[in-house]
Ligand SMILES: [Zn+2]
């Protein structure tokens, strides 16, 4: 039975994912966000999402190459972490965490288009840089893209909008979206610093179809603050979403554009994240699911996720 209250998925298995010594994508990040979730559940504004983990990573095959999923499934729970690239590691504990996250994704698959449901997934590793061929940039698989592709198979007429507000461009999600058969049912919108890692998102790929579908990459300069962001949001993001009128909204919720973040070199505060949450509460009448991405200052991440959840679940 699905609660009518917003849901918070606490991906505890993600606390055991080993990203390497001194790595900014640490287990303490997830603990900080779970703390914020506990507070809102404690105020009875949300409930915890309970979902059994997947028995394997089969669901990931809907977007990721079979050989890559085979590699992940070949890791036993005790396998030590090994590098995928210079800043991304996967090991046995990672796979346990991914199966747990995919259990939550499976639960979200069961909600039909148009039925109201809000869910925040506090998970690690993050996902939006993971592309069809594999992981990169701290990400192993892309749960948002997996949910999107699986929902397209189940509900081919559903209109889905993606909003990615992480400071980095969601190159993995963008690449997977470009390969899906029903791109005419998808709007992908991203605000991110540019030029910056991973080097994509200049706006060159932007396009708008007759119903508002397509791609809207919004490159931002370093130092972008709340006032700058509000202006872009009101003038560019909000009208495009209103025109497209999605059934379902999927969010890559990264908090690394915060002014105290050590990686982002931007100047947003909790105010922007609260505003995004408020907007989501008004904009997405059907399924709305947000996936934790970046955010590398623990206090800023705790405060920003709390502000976002408060705006979205209590706004
Ligand atoms: Zn990021």
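Structural remarks
- Relative contact order, percent, segment 13-314 [alpha-carbon distance under 8 Å, six or more residues apart]: 20 percent
- Summed over qualifying helices (DSSP H, 4 residues or more, each -39500 (n - 2.57)) and divided by its residue number, the chain shows a 222 nm mean residue ellipticity of -10500 deg cm²/dmol.
- Relative contact order of segment 48-206, taken over Cα pairs closer than 8 Å and 6 or more residues apart, is 20 percent.
- The Cα-based radius of gyration of segment 1-81, divided by its Kirkwood radius, gives an Rg/Rh of 1.04.
- Beta bridges per DSSP, both residues in segment 13-314: antiparallel share near 20 percent.
- The convex hull around the C-alpha trace of segment 109-191, projected and averaged over every direction, spans 5.5 square nanometres.
- Per-peptide average of other Cβ atoms within 10 Å, ordering 167-173, 78-84 highest first: 167-173, 78-84
- Cα centroid of segment 87-146 to Cα centroid of segment 207-223, whole Å: 24 Å
- For segment 131-251, DSSP calls about 20 percent of its internal beta bridges antiparallel.
- Globularity index of segment 176-283, i.e. its alpha-carbon radius of gyration over 2.2 N^0.38 Å: 1.08
- For the chain, the alpha carbon positions stretch 50, 43, 41 Å along the principal axes, listed from largest to smallest.
The numbers here are math on the coordinates, done by the rules we state, and not lab data. Remember, predicted model here, so these are calculated numbers, not experimental data. Ideal geometry is used to build each Cβ from the backbone, glycine not excepted, and the neighbour counts take in all protein chains shown.
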